[in-house]
Amino acid sequence: MSHANATLTPTGRLRLARCVVEDGWTPARAAERFNVSVTTARRWAERYRENGKAGMVDRSSRPRTCPHQTPRRRERRVIGLRVSRRWGPARIAYHLGMHPSTVHKILSRYGCVRLAFTDPATGAPVRATRRRPTRYEHDAPGDLVHVDIKKLGRIPDGGGHKFLGRAKGRKNRSGTGYWYIHNAVDDHSRLAYSELLDDERKETAAAFWHRASAYFADAGITVRRVLTDNGSCYRSHAFADALGPDISHKRTRPYRPQTNGKVERYNRTLLEEWAYARPYANERDRQALLPAFLHHYNHHRGHTALKGASPADRIPNLRGQNS
């Protein structure tokens, strides 16, 4: 593209070309007159013969062919995963064996906005701004375990609004109650343990931690510190006794759930990929699929924060292949 101090602007190129083509100047004479090389003079004269005045403007520097361009079929797979599963560039890249920057360029070329700027239910773009927090990660499994409780409405027999539709589902909603999903996520490996329990009382939270601690111990993880919010069950003596003297307990600042961000992100994944992944006819069907989700999450699902690896890839011998 020509600039302010260019020797030949489109108007100057036209004058040079006309001197050669119409006035009969030699390319050498025209090159000396316009202070350019003979090759440049010949090039613009030839373009004038082919295209006239329209040939004097800059052409695109993009190559006619690109042998390394991503095939159209793979691009369609990228867009399909984005639309059907609402995955980000990194997770799509690890699933397809591509580089995240390549996936990001494909999504940008097809006009896909960031997931943070779309409505989770409809996928429609919305105006939103989010400041990305600083990411941290502890060096070894067990250095920190995030613990939290997620409240989830149970599905009535016959299905809820996703199965029956909004109007019928609302009428069929009363009297079903809630699950309290107690979750524990290892900070380093993202290894997760979850249980569907009936309440969030201190005795329930303490008993959950005993089972979660046993699960992590079976995986070869020694828990050193636990991070929770300021819920009453976590401030109780029962939960402190369950942790014991060897595990330090840290609580988040009030009204700062992002401090416990890894388990909060796990809660969202739990809802998207299990609780609301498909319509269920009743709660028993959904409850029966929780163990399968946990196995997939811990052993097979690629995590963007782990560069496509699963928690099992970060826990020595979790799969038992070395036993």
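The values are calculated or read from the model by the stated rules, or taken from the named source; none is laboratory data. Computed from a predicted model, the values in this text were never measured in an experiment. Here the Cβ positions follow ideal geometry from the backbone for every residue, glycine too, while neighbour counts run over all protein chains shown.
Summed over the stretch 214-239, residues that are part of a helix (DSSP H, G or I) and under 13 Å from residue 146 (Cβ atoms) total 1. Pairing residues of the stretch 281-292 that are in the same structural domain as residue 192 (by TED's automatic domain parsing) and modelled with pLDDT under 95 with residues that are of a type in the set (Asp, Glu) and surrounded by fewer than 13 Cβ atoms within 10 Å (Cβ to Cβ), at Cβ distances under 6 Å and at least 6 apart in sequence or on separate chains, gives 282/157.
Inclusion of residue 97 among residues that are of a type in the set (Gly, Ala, Ser) and surrounded by 11 or more Cβ atoms within 10 Å (Cβ to Cβ) is not warranted. Residues in the stretch 240-247 include at least one that is touching a strand residue (DSSP E or B) at 6+ places or on another chain (Cβ under 7 Å), modelled with pLDDT of 95 or more and part of a helix (DSSP H, G or I).
For the stretch 175-203, the set of residues classified as part of a loop (DSSP other than H, G, I, E, B), more than 22 Å from residue 308 (Cα to Cα) and either free of Cβ contacts under 8 Å to residues at least 12 places away in the same chain or among the basic types (Lys, Arg) (or both) consists of 201 only. Exposed (fewer than 14 other Cβ atoms within 10 Å of the Cβ), within 24 Å of residue 309 (Cβ to Cβ), of a type outside the set (Gly, Ala, Ser) and out of contact with any Leu (no Cβ under 9 Å at 6 or more places or on another chain): is that true of residue 241 in this structure? Spelling it out, it is not the case that residue 241 is exposed (fewer than 14 other Cβ atoms within 10 Å of the Cβ), within 24 Å of residue 309 (Cβ to Cβ), of a type outside the set (Gly, Ala, Ser) and out of contact with any Leu (no Cβ under 9 Å at 6 or more places or on another chain).
With respect to residue 297, determine if the residue is surrounded by 15 or more Cβ atoms within 10 Å (Cβ to Cβ) and in the same structural domain as residue 190 (by TED's automatic domain parsing).
Numbers: surrounded by 15 or more Cβ atoms within 10 Å (Cβ to Cβ): yes; in the same structural domain as residue 190 (by TED's automatic domain parsing): yes.
Yes.
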